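Here the structure comes first, spelled out in structure tokens, and everything after it is commentary.
The values are calculated or read from the model by the stated rules, or taken from the named source; none is laboratory data. Keep in mind that what you see is a predicted model, and the values were worked out from it rather than measured. As a convention, Cβ positions derive from the backbone with ideal geometry for all residues, glycine included, and neighbour counts pool all protein chains shown.
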Amino acid sequence: MAKEMGFPIELIRTLGALPSYYLHYYYLTDEVLAGQRDGKTRAREVIDIEEQLLEMYRDPALTEKPKLLERRGGAFYSEAAAQLIASLNDGAGDVQVVDIRNSGALPDLPDAAVVEIPARIDRDGAHPLPLAPLAPELRGLVEQVKAYEQLTIEAARSGDQATALRALMANPLVAQWAIAEPLLEALLEANVGYLPRFFPQAAAR
């Protein structure tokens with residue numbers, strides 16, 4: 001399983017848990033960056049794949065799933081979505097992993113935090129199941145990322161650049177002031193048209 005997930009077996013044994021695929025960015029940062037420097041970023045790769053897929057979907061004669069779709073990621077999402085819809089409809093009461101409001105399920109995090117955890121699914125929706133407190137080595141990363149998310153939301157709602165800068169400082173993949181400040185400037189400059197709260201004068205034109 002370690003090989004399939006792309007993590008060293010020693011890392012999994014040390015954590016005593018199976019990390020999500022996206023934790024590559026935090027636990028194997030240098031390796032991920034090295035791979036991106038040698039090739040495309042994952043975002044660029046996904047954009048290229050989607051452009052090719054959309055072109056394929058224009059063909060009315062296409063009757064089979066394109067092999068290229070396997071490189072897009074998200075395998076089995078359709079099955080998970082169908083199961084969730086079925087349980088919401090028939091009130092099965094089964095347990096599924098969903099993104100949901102914490103509501104005390106993880107005692108280390110605010111109630112309003114969005115978490116991906118097991119929940120019981122019925123006609124009334126998803127009901128998070130209580131979990132044990134996170135181990136210290138896991139809690140630190142989770143709380144830091146949640147702080148980044150919370151500050152990012154506050155910055156998006158207010159258009160306050162100082163809050164946006166604090167968000168980047170809280171992100172464990174940024175953290176350093178020398179990186180955060182020019183990164184924020186570059187992000188804002190590249191997205192002027194999408195951030196009216198940060199640029200009210202541009203939005204008024």
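Could you please find all residues in region 151-166 being surrounded by fewer than 12 Cβ atoms within 10 Å (Cβ to Cβ) and either basic (K, R) or touching a residue at least 24 places away in the same chain (Cβ under 8 Å) (or both)?
R157
Identify all residues within region 121-144 that are of a type outside the set (G, A, S) and buried (at least 17 other Cβ atoms within 10 Å of the Cβ); write none if there are none. Don't jump to the end; show me each part of the working.
Quick first cut of region 121-144, residues of a type outside the set (G, A, S) only: 121-124, 127-131, 133-134, 136-139, 141-144.
Answer for region 121-144, where residues must be of a type outside the set (G, A, S) and buried (at least 17 other Cβ atoms within 10 Å of the Cβ): I121, P128, L134.
Picking from G93, G73, which residue would you name as being in a loop (DSSP other than H, G, I, E, B) and in contact with a Ser or Thr (Cβ under 9 Å, 6 or more places away or on another chain)? Walk me through how you get there before you give the answer.
On the way: G73 fails: in contact with a Ser or Thr (Cβ under 9 Å, 6 or more places away or on another chain).
It is G93.
Could you count how many residues in region 121-147 are in contact with a Lys or Arg (Cβ under 9 Å, 6 or more places away or on another chain) and touching a residue at least 24 places away in the same chain (Cβ under 8 Å)?
4
Going through region 117-132 one residue at a time, which ones are in a loop (DSSP other than H, G, I, E, B) and farther than 14 Å from A17 by Cα?
First, the residues of region 117-132 that are in a loop (DSSP other than H, G, I, E, B): 123-124, 129-132.
Selection gives R123, D124, L129, P130, L131.
Would you point out which residue out of A80, A2, A61 is modelled with pLDDT of 90 or more and surrounded by 11 or more Cβ atoms within 10 Å (Cβ to Cβ)? Outline the logic, then answer.
Values: A2 fails: modelled with pLDDT of 90 or more; A61 fails: surrounded by 11 or more Cβ atoms within 10 Å (Cβ to Cβ).
Within the list A80, A2, A61, the selection yields A80.
Mind checking which residues of region 41-73 are of a type in the set (K, R) and in contact (Cβ under 8 Å) with a residue 12 or more places away in the chain? Explain how you work it out, then say what you get.
First pass over region 41-73, keeping only residues of a type in the set (K, R): 42, 44, 58, 65, 67, 71-72.
If the condition is that a residue be of a type in the set (K, R) and in contact (Cβ under 8 Å) with a residue 12 or more places away in the chain, then R71, R72 are the ones that fit.
Somewhere in region 182-193, is a residue without any contact (Cβ under 8 Å) to a residue 24 or more places away in the chain, touching a Leu at 6+ places or on another chain (Cβ under 8 Å) and either assigned to a helix (DSSP H, G or I) or not assigned by TED's automatic domain parsing to the domain that holds Y25 (or both)?
Within region 182-193, one or more residues are without any contact (Cβ under 8 Å) to a residue 24 or more places away in the chain, touching a Leu at 6+ places or on another chain (Cβ under 8 Å) and either assigned to a helix (DSSP H, G or I) or not assigned by TED's automatic domain parsing to the domain that holds Y25 (or both).
Across region 24-40, what is the total count of residues that are without any contact (Cβ under 8 Å) to a residue 40 or more places away in the chain and within 17 Å of P172 (Cα to Cα)? I'd like the intermediate steps shown before the answer.
Keep residues of region 24-40 that are without any contact (Cβ under 8 Å) to a residue 40 or more places away in the chain, which gives 24, 27-28, 30-40.
Keeping just the survivors that are within 17 Å of P172 (Cα to Cα) gives 24, 27-28, 30-33.
Number of matching residues: 7.
Conditions (1) within 24 Å of L109 (Cβ to Cβ); (2) modelled with pLDDT of 95 or more; (3) surrounded by 18 or more Cβ atoms within 10 Å (Cβ to Cβ), marked per residue:
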position: E149; (1), (2), (3): yes, yes, no
position: L168; (1), (2), (3): yes, yes, yes
position: L173; (1), (2), (3): yes, yes, no
position: F199; (1), (2), (3): no, no, no
position: A204; (1), (2), (3): no, no, no
